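What follows is calculated from the coordinates using simple rules that are stated; it is not laboratory data. In this text, all values refer to a predicted model and were calculated from it rather than measured experimentally. Note: ideal-geometry Cβ built from the backbone for every residue, glycine included; neighbour counts use all protein chains shown.
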């Protein structure tokens, strides 16, 4: 049965782990990080659920109150941020039936398909291979290391030179690489992948630039069976009022690629199977306020919520100050 794990830090700076099932949540005795629990599970050849069950149940806790108090951390971190890798993939979601039909009609009518359209259609055709078979390779991008990961409630800060700071509501897979190079999936989180859509739209070859931004994870790590359908809402709040709101869908029923195919094409590279590394891999979305003409500004608050997660992910938008970078010859 699926359950959720959260990381907590008290006012005194003491870290702990919370296990939540339904509306009930309690501290996990003796646990200080999800990373440590995962390493123990790998070392003992047991599941993360078995390790948590063996530690028992501690004091009950109100996770909504702890989130409001700012005491919930990102559900994964690494003591050396350079060993936490943020990456993702796009053109993976079907979107609405109307949107799919429109894309197909436009694709059929076009004399020459765009690269993005070709990749989308190739994913529709070959993104969900049978077990043991190799599926279509998806789009892929790099976002940064653990220093770019923002906790729930913290600001998503765009660089001073950014042309836009826009939300991308989606799911992210959390992985750790075992001592023999085997990738282990810990679970899934709600995520705001956060990108510069103005830069990306100017020229798709600038996609790599647009993705070098911070990202935020919801406080809950969903452990267990992968959800086939995740339905939620993405909204932007400005001055306390809802500026924009739209439903979003994820899970394999709403995707052109299977989770297994996305994982296979990420971890096929040796450099992504370095023992001890943590990977946060964003699975993509079909819902963006930018495509509806919204232009965000500093102080706006992104809010993403979806079952089976019980807590929303909220992050205000900020902009970094100007910084002068000089390269010096040695």
Cα centroid separation, the range 128-152 to the range 51-81 (Å): 25 Å
Ranked from highest to lowest mean number of other Cβ atoms within 10 Å per residue, what is the order of the peptides 142-151, 206-215, 276-285? 276-285, 206-215, 142-151
So between residue 269 and residue 147, what do we pick up on full extension, going 0.36 nm a residue minus the alpha carbon distance? 41.7 nm
If a/c stays under 1.5 just call it rounded; otherwise compare a/b with b/c (prolate if a/b is bigger, oblate if not). Do that for the range 1-43, with a ≥ b ≥ c from the square roots of the Cα gyration tensor eigenvalues. oblate
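Given a Förster radius of 22 Å and the C-beta distance between residue 231 and residue 24 as r, what FRET efficiency does 1/(1 + (r/R0)^6) yield to the nearest 0.05?
Working: r = 23 Å, r/R0 = 1.05.
With a Förster radius of 22 Å, E is 0.45.
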Taking the chain as the reference, fit the longest principal axis to its C-alpha atoms, fit the long axis of helix 34-44 to the helix C-alpha atoms, and give the angle between the two in degrees, 0 to 90, nearest 10. 70 degrees
With a Förster radius of 45 Å, plug the Cβ-Cβ distance of residue 117 and residue 68 into 1/(1 + (r/R0)^6) and report the FRET value to the nearest 0.05. 0.55
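Fully extended, how many nm does the chain gain between residue 184 and residue 307 (0.36 nm per residue separation, minus their Cα-Cα distance)?
On the way: separation 123, 0.36 × 123 = 44.28 nm, distance 2.37 nm.
Full-extension gain reported as 41.9 nm.
Quick check: from the Cα gyration tensor, does the range 33-91 come out rounded (a/c under 1.5), prolate or oblate? Write out the running numbers ahead of the final one.
Numbers: a/c = 1.95, a/b = 1.08, b/c = 1.80.
Cα axes put the range 33-91 in the oblate bin.
With the cut-off at 1.5 for a/c, could you classify the range 110-177 from its C-alpha gyration tensor as rounded, prolate or oblate?
Note, shape of the range 110-177 comes out oblate.
At 222 nm, what helix-only mean residue ellipticity would the chain give, in deg cm²/dmol to the nearest 500, using -39500 (n - 2.57) for each DSSP H run of four or more? Could you put the intermediate results ahead of the total?
Details: 8 runs with 70 residues, N = 330.
-6000 deg cm²/dmol, from helical runs alone.
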Be a star and scan the range 28-57 for residues whose amide nitrogen sits under 18 Å from the point 7 Å along the Cα-to-Cβ vector of residue 10. 28-34, 57
Computed on Cα atoms, Rg of the range 1-73 relative to 2.2 N^0.38 Å comes out at 1.07
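Would you mind calculating the gained length between residue 291 and residue 326 on full extension (0.36 nm times residue separation, minus the Cα-Cα distance), in nm to one decimal? Mind showing how you got there, number by number?
Values: separation 35, 0.36 × 35 = 12.60 nm, distance 3.62 nm.
Length gained between residue 291 and residue 326: 9.0 nm.
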Regarding the chain, what are the three Cα extents along the principal axes, ordered largest first, in Å? 62, 54, 49
Got the relative contact order for the chain handy, in percent, Cα pairs under 8 Å and 6 or more residues apart? 22 percent
